[in-house]
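The values are calculated or read from the model by the stated rules, or taken from the named source; none is laboratory data. Keep in mind that this is a model prediction, so the values were computed, not measured. Neighbour counts are summed over all protein chains in view; Cβ atoms, including those assigned to glycine, are modelled from backbone coordinates with ideal geometry. Heavy atoms of the whole protein, side chains included, go into the accessibility calculation; ligands, DNA and RNA do not. Shrake-Rupley method; radii C 1.70, N 1.55, O 1.52, S 1.80 Å.
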Amino acid sequence: MIEGKLVRLRVLRAEDAEHHLRWRNDPEVAHWATGGNPCFGPVTAEALELGFETMLRLNPRESAVFTVEDLADGAVIGMADYRDLDPFTGLATVGVTIGARDRWGRGHGSDALRLLVGHLFGAFGLHRIELDTWSGNERAVRAFTRAGFREEGRRRATVLVAGKRYDTVLFGMLREEWPGTTS
């Protein structure tokens, strides 16, 4: 378990599937998390179960999914993950989704992101961490920037939301840019 100021990250458990099913079938969560990408949801319980079994068996040397819990009441409020961990280049890609809409805008996602980044730079000694969002998700863009990530580029017009095109915004952070680490 990794604890921050507002949240803790803990290992994924089979019983977390019910939360993932609820979030992936919530149109507003899907909208902000993925720009409404139909690969995220809606999804049936059976389809989610297949993917969830895979998530439970991930090799943490390559990728992992954590459950985000609110420290105040222990409620399961989201997920944080890393993937494509490459120990040779020292690179990983991360993501955070707060699925509990009543916790949005209160700093839980930012705290989860800080914990995940700190864990990866510390435990794995990575050199670089990256993530992305779509340009219409201005709240995520601000949160990533506040966390110390730098916008590094855009893939133009890659996200389609309600008939309008948005960019995929790419962010990165180097180890020496993370507070408290040295190169």
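Brief remarks on what is shown
- Qualifying residue in segment 98-113 (condition: in a strand (DSSP E or B), closer than 23 Å to ARG13 by Cβ and out of contact with any Pro (no Cβ under 6 Å at 6 or more places or on another chain)): yes
- Which numbered condition GLY136 fails, given (1) open to solvent by 30 Å² or more (accessible area, probe 1.4 Å); (2) assigned to a loop (DSSP other than H, G, I, E, B): (1)
- For segment 83-115, a residue qualifies if it is surrounded by fewer than 16 Cβ atoms within 10 Å (Cβ to Cβ) and of a type in the set (D, E, K, R), and the qualifying residues are ARG83, ASP84, ASP86, ARG101, ASP102, ARG106.
- Those residues of segment 168-177 which are open to solvent by 40 Å² or more (accessible area, probe 1.4 Å) and assigned to a strand (DSSP E or B), in sequence order: LEU170, LEU174
- Within segment 3-43, being β-branched (Val, Ile, Thr), surrounded by 17 or more Cβ atoms within 10 Å (Cβ to Cβ) and in a strand (DSSP E or B) holds for one residue alone: VAL7.
- Some residue of segment 54-67 being part of a helix (DSSP H, G or I), open to solvent by 20 Å² or more (accessible area, probe 1.4 Å) and among the aromatic types (Phe, Trp, Tyr): no
- Any hit, segment 74-82, residues being modelled with pLDDT of 95 or more and open to solvent by 60 Å² or more (accessible area, probe 1.4 Å): no
Let's see how each residue does on (1) touching a helix residue (DSSP H, G or I) at 6+ places or on another chain (Cβ under 9 Å); (2) closer than 22 Å to TRP23 by Cβ:
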| residue | (1), (2) |
| --- | --- |
| VAL68 | yes, yes |
| ARG101 | yes, yes |
| GLY118 | no, no |
| HIS127 | yes, no |
| LEU131 | yes, yes |
| ASN137 | yes, yes |
| ARG142 | no, yes |
| GLU151 | yes, no |
| LEU170 | no, no |
